[in-house]
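What follows is one structure encoded as structure tokens, with my remarks underneath.
The values are calculated or read from the model by the stated rules, or taken from the named source; none is laboratory data. These numbers were taken from a predicted model, which means no experiment stands behind them. Note: ideal-geometry Cβ built from the backbone for every residue, glycine included; neighbour counts use all protein chains shown.
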Amino acid sequence: MDNDFSNAPSNLSSEVWLPLPVAEWQDTNETLHLWTQIIGKIRLALAPKVNHWWHSTLYVTPRGLTTSAIPYGTRIFQITFDFLNHQLLIETSDGITKAIALMPRSVADFYQAVMSTLEDIGIEVKLWTIPQEVTDPIPFEQDIQHTAYDDECAQRFWRILVQCDRLLTIFRARYAGKCSPVHFFWGSFDLAVTRFSGRRAPDHPGGVPGMADWVTREAYSHEVSSCGFWFGKGSIEALFYAYAYPTPEGFKDYPVQPQEAFFSPEMQEFVLPYEAVRQASNSDAMVLSFLQSTYEAAANLGHWDRAALEYSPVLKL
């Protein structure tokens with residue numbers, strides 16, 4: 001195992017907002033989705049429970065995605081996708097580091113490699129191996145269908161996440177009320193941040209494909225304004241999105257920014273196409289205006305106490 005990660009690959013483009021059309025990486029997308037579910041379910045099984053399933057998510061790093069530290073007895077460990085060196089790293093607080101290659105391999109093979117490596121270093125975990133929020137799920141240990149891993153596409157996936165994480169983090173900092181981390185949901189395969197009004201919400205009706213209703217109700221137990229980035233699927237290309245639960249009256253007709261944004265009747269949320277962001281002269285300003293104006297749609301129409309919830313930190317130098 002090579003532990004020298006000091007040199008990044010020399011083929012990294014200087015372009016910030018990289019193209020990644022759905023058709024170009026569909027197979028890698030599906031495989032990565034399932035691999036992240038395996039790692040996310042390990043965190044879900046072992047991490048202390050936190051409201052709205054925040055204990056199950058992954059986080060963007062300067063090299064990929066990580067579980068962050070997971071307690072295990074008197075030890076902690078973390079699992080990280082490194083999309084620069086294309087390795088899955090398992091690191092423990094007692095000095096153990098194991099690496100599993102990210103390469104074309106079946107979900108079943110990846111699952112077996114991860115579980116046997118954990119067992120070798122004294123970490124036992126039992127998973128529900130049925131994937132979530134996917135069509136026609138195959139148990140991880142039986143899935144020899146999904147095998148694709150394209151290095152370039154995986155790296156573009158991560159580099160797009162870096163930019164989205166950066167802007168969502170800026171947006172998150174402007175709120176004093178309860179707010180989620182900026183985190184990656186492996187079920188829906190998207191990066192999100194959620195603001196809360198502080199009030200309870202009516203029970204969610206459920207009906208989300210591939211997700212139990214009681215799971216959805218815990219996620220939406222309180223009023224939210226949520227936004228994020230999704231990589232698209234099928235005929236829908238990558239996009240930024242924003243929605244509210246419960247949806248206040250008049251939400252879909254609220255004037256939001258920028259002009260490229262619109263309310264999608266199919267998705268029942270505001271969307272901003274990623275390609276519009278890529279082509280913009282000021283991509284950061286475009287995304288931040290979308291996040292802010294869609295939040296205002298939820299907060300104004302939902303009668304949130306904005307004066308108490310919003311925040312501009314004053315730094316004393």
Subject >> Test for F184: is it aromatic (F, W, Y) and outside any strand (DSSP E or B) >> reply: no
Original post:
Out of I76, I38, which single residue is in the same structural domain as V134 (by TED's automatic domain parsing), under 15 Å from E91 (Cα atoms), modelled with pLDDT of 95 or more and not in a loop (DSSP other than H, G, I, E, B)?
Top reply: I76
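I79: over 23 Å from C164 (Cβ atoms) and in contact with a Ser or Thr (Cβ under 9 Å, 6 or more places away or on another chain), yes or no? Don't jump to the end; show me each part of the working.
Details: over 23 Å from C164 (Cβ atoms): no; in contact with a Ser or Thr (Cβ under 9 Å, 6 or more places away or on another chain): yes.
When the stated conditions are applied, I79 does not pass them.
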Original post:
Out of S225, S221, which single residue is hydroxyl-bearing (S, T, Y), more than 16 Å from L301 (Cβ to Cβ) and in contact (Cβ under 8 Å) with a residue 40 or more places away in the chain?
Top reply: S221
Original post:
Can T66 be described as polar (S, T, N, Q) and over 22 Å from M115 (Cβ atoms)?
Top reply: no
**OP:** Of the numbered conditions (1) at pLDDT 95 or above; (2) farther than 21 Å from S283 by Cβ, G234 fails exactly one; give the number of that condition.
**Re:** (1)
**OP:** Search segment 163-188 for residues being over 14 Å from the mean Cα position of the chain (by Cα) and among the aromatic types (F, W, Y), and hand back the single one that is surrounded by the fewest Cβ atoms within 10 Å (Cβ to Cβ).
**Re:** Y175
**OP:** Could you tell me whether segment 53-73 includes any residue that is small (G, A, S), touching a Phe, Trp or Tyr at 6+ places or on another chain (Cβ under 9 Å), at pLDDT 95 or above and assigned to a loop (DSSP other than H, G, I, E, B)?
**Re:** yes
Original post:
Give me the pairs: first residue in segment 169-180 and touching a residue at least 12 places away in the same chain (Cβ under 8 Å), second residue buried (at least 16 other Cβ atoms within 10 Å of the Cβ) and among the small types (G, A, S), beta-carbon distance under 9 Å, and six or more apart or on different chains, which are they?
Top reply: R172/S180; G177/S197; K178/S197; S180/A192; S180/S226
Original post:
In segment 164-175, is there at least one residue being within 20 Å of E24 (Cα to Cα), of a type in the set (S, T, N, Q), part of a helix (DSSP H, G or I) and not assigned by TED's automatic domain parsing to the domain that holds Q78?
Top reply: no
Original post:
Within segment 189-222, which residues are out of contact with any His (no Cβ under 9 Å at 6 or more places or on another chain), crowded, with 16+ Cβ neighbours inside 10 Å and assigned to a loop (DSSP other than H, G, I, E, B)?
Top reply: H204, V208
**OP:** Being among the basic types (K, R) and at pLDDT 95 or above is the filter; apply it to segment 258-317 and report the residue that is surrounded by the fewest Cβ atoms within 10 Å (Cβ to Cβ).
**Re:** R306
